[in-house]
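J.: This is the structure I want to talk about, given as structure tokens.
The values are calculated or read from the model by the stated rules, or taken from the named source; none is laboratory data. Bear in mind that the values here come from a model prediction, so they are computed numbers and not experimental data. No Cβ is skipped: glycine too gets one built from the backbone with ideal geometry, and neighbour counts run over all protein chains shown.
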Amino acid sequence: MLAELLPKSHIQEIKSVASWEKAIELASEPLLKFGFIEETYVKNMIKSVEQNGPYIVLMDYFALPHAEAGNGVNRLGMALLKLTEPVDLKGNPVTVLLVLAAEDADSHIGALREISQVLADEDNYQQFINGSIDDIHQLLTG
Amino acid sequence: MKLLAVCGFGVGSSMVLKMSIEKACKERGVECEVENTDVSSAKGTDADAVFTSFELGEELKSSVKCPVFSIKRYMDKAEVGQAVDAFLEQR
């Protein structure tokens, strides 16, 4: 499922960003460009961190920005941004942002399960947060 | 027993937390039913325990009757395991 939801055209790499808000905006760009989401969804993801706290940081250096399902989402999709220098997300350093555009409550469960399984392995996790985007793509979809 | 995994919208982080809790319960040989939900639905749902973030945990502690366990990293096996152990000891 991840291979379909996260094609290479949805994956970007950049050295650094000024803020976590900018990181979420930049990570979302492929989904906006290809019509998966609207600007509302990007704003809601940022608002959620401000209101609900930084629990989207699921492990050290890895965040899963997302917002209310279906609100500003045209189609289920994912996009990934890899930063060389970690950005601070309310006290948590983050190098990988994986934006989840959720269409409904559970159609993305398979993709999240695959990610959990991959990252449960310590070597995979190290490669995920430190590797190149080719490594990350191979790891998640290979 | 029924456990709730809670995040702001009940679709992403809480789904990951549900998977982490299920895994921890399985490893401990404990039967459990875990449901992921959003913070406002959680307030009206009966459960044996709620697992959520520190920020939402503060809000939920005053509105649910069951114990609330706060977790910082929803995908961190060790941290989620500790919270599950704390819950099992309390029972």
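J.: Can you confirm whether residue B:89 is part of a helix (DSSP H, G or I), within 11 Å of chain A (Cβ to nearest Cβ) and not aromatic (Phe, Trp, Tyr)?
T.: Values: part of a helix (DSSP H, G or I): yes; within 11 Å of chain A (Cβ to nearest Cβ): no; not aromatic (Phe, Trp, Tyr): yes.
So residue B:89 fails the test.
J.: Could we say that residue A:2 is modelled with pLDDT of 95 or more and under 27 Å from residue B:20 (Cβ atoms) here? Give the steps one after another, and end with the answer.
T.: On the way: modelled with pLDDT of 95 or more: no; under 27 Å from residue B:20 (Cβ atoms): yes.
So residue A:2 fails the test.
J.: If you scan the stretch A:68-89, which residues turn out to be exposed (fewer than 15 other Cβ atoms within 10 Å of the Cβ) and closer than 17 Å to residue A:9 by Cβ?
T.: Passing the criteria: only A:75.
J.: Taking the criterion of being surrounded by fewer than 17 Cβ atoms within 10 Å (Cβ to Cβ) and aliphatic (A, V, I, L, M), would at least one residue in the stretch A:113-121 satisfy it?
T.: Taking every residue of the stretch A:113-121 in turn, at least one turns out to be surrounded by fewer than 17 Cβ atoms within 10 Å (Cβ to Cβ) and aliphatic (A, V, I, L, M).
J.: Here's something else I'd like to know. What is the number of the single condition among (1) within 13 Å of the chain's Cα centre (by Cα); (2) within 11 Å of chain B (Cβ to nearest Cβ) that residue A:60 does not meet?
T.: Failing condition for residue A:60: (1).
So that you can scan it fast, the table gives a plain yes or no per residue for (1) within 17 Å of residue A:48 (Cα to Cα); (2) at the interface with chain A (Cβ under 10 Å from one of its Cβ atoms); (3) touching a Gly at 6+ places or on another chain (Cβ under 9 Å):
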| position | (1), (2), (3) |
| --- | --- |
| B:3 | no, no, no |
| B:18 | no, yes, no |
| B:24 | no, no, yes |
| B:29 | no, no, no |
| B:47 | no, no, no |
| B:68 | no, no, yes |
| B:71 | no, yes, yes |
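J.: May I ask you to verify whether residue A:98 is under 11 Å from the mean Cα position of the chain (by Cα) and more than 7 Å from chain B (Cβ to nearest Cβ)?
T.: On the way: under 11 Å from the mean Cα position of the chain (by Cα): yes; more than 7 Å from chain B (Cβ to nearest Cβ): yes.
It is true that residue A:98 is under 11 Å from the mean Cα position of the chain (by Cα) and more than 7 Å from chain B (Cβ to nearest Cβ).
J.: Can I ask one more? Among (1) surrounded by fewer than 19 Cβ atoms within 10 Å (Cβ to Cβ); (2) touching a helix residue (DSSP H, G or I) at 6+ places or on another chain (Cβ under 7 Å); (3) away from chain B (no Cβ under 14 Å); (4) not hydroxyl-bearing (Ser, Thr, Tyr), which single condition is residue A:124 missing?
T.: Against the list (1) surrounded by fewer than 19 Cβ atoms within 10 Å (Cβ to Cβ); (2) touching a helix residue (DSSP H, G or I) at 6+ places or on another chain (Cβ under 7 Å); (3) away from chain B (no Cβ under 14 Å); (4) not hydroxyl-bearing (Ser, Thr, Tyr), residue A:124 comes up short only on (3).
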